[in-house]
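The values are calculated or read from the model by the stated rules, or taken from the named source; none is laboratory data. Remember, it's a predicted structure, so these values are computed and weren't measured experimentally. FYI the Cβ positions are ideal-geometry reconstructions off the backbone, even for glycines, and counts take in every protein chain you see. What goes into the accessible areas is simple: the full protein's heavy atoms, side chains included, and nothing from ligands, DNA or RNA. Shrake-Rupley method; radii C 1.70, N 1.55, O 1.52, S 1.80 Å.
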Amino acid sequence: DGKTVTFQLHEGVVFHNGMPLTAEDVVYSLERIRNPPKGIVSPRKGLLGNVEAIEARGARTVVVRLAQPQADFLFLVSNPYNIIVPKKVAEPLDAQGQGMKRQIVGTGPFRLTQAVDGQIYELTRFDKYFGPAAYLDKIQFFPIKGEIERSAALQGKRIDACFHFNSESVMAALRKVSGMTVQHRPMPTFVN
């Protein structure tokens, strides 16, 4: 009837803390987005507004029942910001109203290894990632507020890449730098 979606989870997937990923974690995470615990804000709960029920069937099967058929459901549920968290870690933190702001645990190819708000965020390759190994050992993000400051960091080789330049004069100056590649792309519908 187009109203039931069944997910089979990969075998052997583990979270960055070594815990195995289970269907119960997926159910908890999707319910957490759909009906956030008190004190937790869920800006994407509307994406799952057509969901009637989510249930685990065994350790690796998740069944989602929709109120009505929805062609874009897989696209919406696969939003990279709809993170799957380990229930055993998130549930007590959610009960305290703090969520996983400081205990980020996922299953992706990189794990957070350093975070100094407003200064640096460092991701290191997660060697137990279930998919192909990441090519990079480490990625460092440096928040730089101003376009001119970001441009100077690029030109001074403090950073290797940057995005979100709105000023045509800044972009024009970057295009003149030897070895610099400047790409102009349409903006997505949201900016973080």
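Some notes on this structure:
- Per-residue HN-Hα couplings for region 65-78 [Karplus 6.51, -1.76, 1.60; θ = phi - 60°; Hz; x = Gly/Pro]: 9, 9, 5, 8, x, 9, 4, 9, 4, 4, 5, 5, 6, 8
- A value for Rg/Rh (Cα atoms, Kirkwood Rh) was derived from the coordinates, and within the list (1) 1.03; (2) 1.13; (3) 1.09 it appears as (1).
- The chain: most fluctuating residue of 126, 73, 110 per GNM, C-alpha cutoff 10 Å: 73
- Nonlocal amide H pairs with residue 14, under 5 Å, H built at 1.01 Å: 21, 130
- Taking 125, 65, 32 in turn, the Gaussian network model of the chain (Cα-Cα springs below 10 Å) assigns the largest fluctuation to 65.
- Modelled label positions at residue 61 and residue 120, each set 7 Å beyond Cα in the direction of Cβ, lie 4.8 nm from each other.
- Against the criterion of solvent-accessible heavy-atom surface with a 1.4 angstrom probe, 164, 184, 10 sort, most first, into 184, 10, 164.
- Distance in nm between pseudo-label sites at residue 167 and residue 53 (7 Å out along the Cβ direction from Cα): 5.7
- Over the chain, accessible surface divided per residue gives 67 Å², non-protein components excluded, 1.4 Å probe.
- On the basis of the beta-carbon distance and an R0 of 22 Å, residue 78 and residue 160 show a calculated FRET efficiency of 0.20.
- For the pair region 96-136 / region 32-60, the C-alpha centres are spaced 22 Å from each other.
- Of the DSSP H helices in the chain, those whose Cα atoms cover at least 15 Å axially and whose Kyte score averages -1.0 or more: 23-34
- Taking amide H positions as modeled 1.01 Å from N, with prolines and chain starts lacking one, the residues under 5 Å from residue 66 and 5 or more places away or on another chain are 4, 5, 52.
- With all protein chains in place and a 1.4 Å probe, the accessible surface of the chain carries 54 percent carbon and sulfur.
- Within region 114-152: backbone nitrogen closer than 12 Å to the residue 104 label point (7 Å, Cα to C-beta): 114-124, 139-143
- Only helices enter this figure: runs of n ≥ 4 DSSP H residues, each worth -39500 (n - 2.57), summed and divided by the residues of the chain, yield -6000 deg cm²/dmol at 222 nm to the nearest 500.
- Listed residue pairs exceeding 29 Å between alpha carbons, taken from 45/87; 3/87; 87/128; 3/128; 45/157: 3/128; 45/157
- Each label point was placed 7 Å from the Cα along the Cα-to-Cβ direction; for residue 1 and residue 31 their separation is 2.2 nm.
- Taking the chain as a Gaussian network of alpha-carbon nodes connected by springs under 10 Å, the highest mean-square fluctuation of the residues 36, 109, 80 belongs to 80.
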